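Notes follow once the structure below has been shown.
Values in this text are rule-based calculations from the coordinates and carry no lab data. Source: prediction; values computed, not measured. Reconstructed Cβ throughout: ideal geometry from the backbone, glycine too, with neighbour counts over all protein chains shown.
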Amino acid sequence: MNKQISLHQLGVFSGLAAGAWLGMAEAPTKLVTVGFSPFLISLGMVAGVFVARWTVPMALKGTSYIWADLREKPHLIAWAILAGMLWAVANTLTVFAIRNVGLSIAFPLWNTNSLVGLFWGWLLFHELRGAGTRQLTKVLGGAAAIVIGACILALATTHSATTNTSGTASLGIAAALGAGVLWGTMYIPYRKAYISGMNPLSFVTVFTFGELGTVFALAVAFDGGVHNVISLLGQARPALFWLFLGGFCWVLGDLFQQYAAKYVGIGRGIPLSNTNQLWGLAWGALVFGEFAGQGSGTITLVIIGSLIMIAGAVAISMAEAPELEQQSWRTAMQRECDRYSLDPARVAQTLEGKDPLAEERPTRRWWEFVIVLAAVAFFIWLAAGSASQPIAMNIPWMLLLIAASVALLIGCGILLHKRTGFS
C-alpha cells in the first residue's frame with residue numbers, strides 16, 4: 001500500500017540507491033589512466049548523461065508532463081542550467097582526481113560536498129531550524145565525522161604519494177576537494193526546485209543542457225579547439241561506449257539523489273547518497289586493484305577514514321526532521337511561492353508525495369516511443385564498435401557489485417512508484 005512507507009524512509013532508500021549508482025558511474029573514468037584526456041573522458045560521460053536525461057524522464061512521465069511542469073515554473077529553467085554547469089566542472093575535476101590519486105581515495109575527498117550542502121540547506125532553506133538538540137547533535141556530529149574522515153584519507157594519500165613519481169598527489173587532492181565544493185553548491189538549485197513543486201524528472205531534463213554545453217566548452221578550450229576534440233572523439237571511439245554507460249549510470253544515481261534531496265532535504269539526503277564512497281572504494285579496491293602493493297598502514301588509514309565518514313553520513317541521515325523543523329521548511333516553501341506567484345496548496349501536495357499534474361493526465365505522444373528506440377539503438381551502435389581496454393579488472397567482483405546495484409535500482413524504483421508515482 002502507498003501509505004506503508006513514510007516520505008523520510010523513502011528519502012533514505014533513495015539516498016542508498018543513489019550511492020550505489022553514483023559509485024558505479026565513476027568506474028569508466030579509470031580510462032584516464034590509459035592516456036585519454038580528462039576533458040575527453042568528461043565529455044564522453046556527459047554525452048551519455050545527455051541521452052539518458054532525455055529518455056528516462058520521458059519514458060516515465062512523457063513529454064507533455066515535462067513541458068507542463070516547466071511552464072508552471074519557468075524561473076527554475078535558469079537554475080537547472082546553472083546546476084548543470086556546476087556539475088560539469090565538478091565532474092571534470094573528479095577525472096583529474098582519479099588520475100592523480102585513484103578512485104578509492106578521490107571519492108571520500110569530494111564527498112565533503114555534504115558539508116557544503118549542509119551549510120546551504122541551513123542558510124537558505126531553513127533546514128535544521130527548530131530541529132532540537134538531539135537532531136542537531138546527529139547532524140553536526142555527523143558533519144564533524146565527515147571532516148575527520150576526510151583528513152585521515154588525505155593523510156593516507158600524502159603518505160602513499162611518496163612513491164608517486166609524478167608528484168601530482170597534491171593536485172589530485174585539490175581537484176577532489178574542489179569538486180566537493182562545486183557539487184555541494186549545486187544542491188542550492190536542487191532544493192530551490194523541489195520546495196517550488198517541480199518534479200525531479202523535469203528538473204534533470206533541463207539540467208543536462210548546462211552539463212553538456214559546459215563540458216564541451218571546457219574540452220574545446222583545453223584540448224585544442226573544436227576540430228581537435230572531434231578528432232580525439234574519433235580516436236576514442238572504441239572506448240566511448242564505456243563512457244556513455246558511465247553517464248547512464250550516473251543519471252540513475254542522480255535521479256535517486258534528487259528524490260532524496262526532495263523528501264529529506266539536502267542536509268540529510270546528500271550525506272546519505274555519499275555512501276557512494278563505499279561503492280567507489282569497492283570498485284577501486286576490489287575490481288581495479290588500486291591498493292595492490294600498498295603497505296598495511298596506508299590501507300588501514302583509508303579504511304578507517306572511509307568508515308568514519310560513512311558513520312557521519314548515517315548519523316545525519318537518521319536525524320528525521322521534527323515538526324518544528326518541518327514548519328521551517330514550509331516557511332521556505334511559502335517564500336518561494338510568494339516570490340514566483342506559485343500556488344502554495346499545489347506545491348505542498350508535491351512535497352507530500354502527491355502529483356497534481358499527473359492527475360490532470362497529460363497526453364502521451366507517439367514520438368516518445370521513437371526517441372527511446374533511437375537512444376537504445378545508439379547505445380547498441382556504440383557497443384558494437386567498442387573494444388576492451390587495457391585495464392585489469394576482477395570480473396567476479398565486478399558482476400557482484402553490478403548485481404547489488406541492480407537490486408537497489410529495482411527495489412527503490414518500485415517504492416518510488418508505489419508511494420509517489422515518481423512525483
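For a label point 7 Å from the Cα of Ala174 along Cα→C-beta, name the residues of region 86-111 whose backbone N is under 19 Å from it. From region 86-111, the list is 89-102, 106-107, 109-111. With 22 Å as the limit on Cα-Cα distance, the pairs of Lys138/Lys192; Lys61/Lys262; Lys192/Lys418 that go past it are Lys138/Lys192; Lys192/Lys418.
For the chain, leaving out every one of the GluC sites (Glu not before Pro) that falls in a DSSP loop and has at most 15 other Cβ atoms within 10 Å, the longest unbroken run is 1-351. Using the Cβ-Cβ distance between Glu352 and Leu233 with R0 set to 51 Å, the FRET efficiency works out to roughly 0.65. Full extension of the chain segment joining Ala217 with Ala292 gains 23.3 nm, where the gain is 0.36 nm per residue of separation less the Cα-Cα distance. At a Förster distance of 45 Å, what's the computed FRET efficiency of Val147 paired with Trp367, Cβ-Cβ distance as r, to 0.05? About 0.35, to the nearest 0.05. Any idea what % of Cα-Cα pairs in the chain are farther than 36 Å? Taking all Cα-Cα pairs of the chain, the fraction more than 36 Å apart is 22 percent. Taking every C-alpha pair closer than 8 Å and separated by at least 6 residues, the mean separation divided by the residue count of the chain gives a relative contact order of 36 percent. Local charge for Arg53 was computed over the other residues whose Cβ lies under 11 Å away, with Lys and Arg +1 and Asp and Glu -1, and equals -2. All other residues whose Cβ lies under 10 angstrom from that of Trp87 are scored, Lys and Arg at +1 and Asp and Glu at -1, for a net of -2. If you take all other residues with their beta carbon under 13 Å from the beta carbon of Gln258, and give Lys and Arg +1 and Asp and Glu -1, the sum is +3. Helical runs assigned H by DSSP (4 residues or longer) give the chain a calculated mean residue ellipticity at 222 nm of -26000 deg cm²/dmol, each run adding -39500 (n - 2.57) before division by the residue total. Spin-label model, Arg330/Ala345: points 7 Å from Cα along the beta carbon direction are separated by 1.5 nm. Tell me, how many Å apart are the Cα centres for region 353-423 and for region 255-325? Between the Cα centre of region 353-423 and that of region 255-325, the gap is 23 Å. Expressed per residue, the C-alpha convex hull volume of region 294-394 stands at 252 Å³. Ranked for footprinting exposure by Cβ neighbours inside 10 Å, fewest first, Met309, Met58, Met398 give Met398, Met58, Met309.
Exposure proxy shown here: for Trp381, Trp79, Trp242, the number of other Cβ atoms within 10 Å sets the order, fewest to most, as Trp381, Trp79, Trp242. Only helices reaching 18 angstrom along their own axis (Cα) with mean Kyte-Doolittle hydropathy no lower than 1.6 count here, and for the DSSP H runs of the chain these are 200-222, 296-317, 366-384, 395-420. Label sites at Trp67 and Leu400, each approximated as a point 7 angstrom past Cα along Cα to Cβ, lie 4.9 nm apart. Site pair Lys418 and Leu307 shows an inter-label distance of 3.4 nm when each label is modelled 7 Å from Cα along Cα→Cβ. Normalised by 2.2 N^0.38 Å, where N counts its residues, the alpha-carbon radius of gyration of region 207-266 equals 1.46.
In region 15-159, Cα pairs under 8 Å separated by at least six residues give a relative contact order of 26 percent.
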